[in-house]
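The structure appears below as structure tokens.
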Amino acid sequence: MKLASYLAEGRAAFGIVTDNGGVITMNARLGGRAASLKEALALGLIPQIAQAAAKAEPDRTLADITFLPAIPNPELIACAGINYRSHASETGRDIPKQPSMFIRRANTLVGHDGEMIRPGVSTNFDFEGELAVVIGRGGRHIAAERALDHVAGYTCFVDGSVRDYQKFSSPPARTSPAPGRSVPGS
């Protein structure tokens, strides 16, 4: 099931993208229980979404919508930097002994088919394809064997980095990539 958040007729909506290029809007089909995909996931409504979609025909085409980020207003975007060997090698870094984590801001997200913006002050804008894990319901101190119970799904993510800003960060960029990853629309 391909879930999406989008604008339709100027209004925020969420639904399912079908294999034939249509979209089934879910907002009203869930009886008003969730105004957004974020709310639907937090309430555990994936089974109800699947059931409603099984009986529905697309009410929009992809041309009728503008994609938003999957979760336009995430509570947290936590990222792991230098998380594979080839990237560590190309940047001249050692494999970290522990994950190099950084936070992104929600206004740095761009929806599918949106445009990433290179800031005018940058000459070194870089991007990488990533796998994003979307957490459906939160928790704390979750046992490893129960962790996937909190995962709502996965999505492709293009991570934009303004590398020239990372070079000037303090502490050194080797430990803090965040300054080059906080530019709106990047």
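The values are calculated or read from the model by the stated rules, or taken from the named source; none is laboratory data. Please read these numbers as outputs of a predicted model, since none were measured by experiment. In this analysis, Cβ positions are derived from the backbone assuming ideal geometry, glycine residues included, and neighbour counts consider all displayed protein chains. All accessible areas refer to the heavy atoms of the entire protein, side chains included, with ligands and DNA or RNA removed. Shrake-Rupley method; radii C 1.70, N 1.55, O 1.52, S 1.80 Å.
Here are some notes:
- Residue in region 86-94 that is out of contact with any Pro (no Cβ under 6 Å at 6 or more places or on another chain), more than 18 Å from TYR6 (Cα to Cα) and of a type in the set (A, V, I, L, M, F, W, C) present: yes
- Residue in region 121-143 that is in a helix (DSSP H, G or I), modelled with pLDDT under 90, open to solvent by less than 80 Å² (accessible area, probe 1.4 Å) and closer than 15 Å to ILE77 by Cβ present: no
- Qualifying residue in region 26-37 (condition: assigned to a helix (DSSP H, G or I), open to solvent by less than 30 Å² (accessible area, probe 1.4 Å) and modelled with pLDDT of 95 or more): yes
- Within region 81-98, not a single residue is of a type in the set (S, T, N, Q) and at pLDDT 85 or above.
- Against the criterion of being under 16 Å from VAL158 (Cα atoms) and not in a loop (DSSP other than H, G, I, E, B), GLU115 does not qualify.
- Of everything in region 144-159 that is part of a helix (DSSP H, G or I) and among the acidic types (Asp, Glu), the residue that is farthest from the chain's Cα centre (by Cα) is GLU145.
- Scan region 62-99 for residues that are surrounded by 12 or more Cβ atoms within 10 Å (Cβ to Cβ), charged (D, E, K, R) and part of a helix (DSSP H, G or I) and the total you get is 1.
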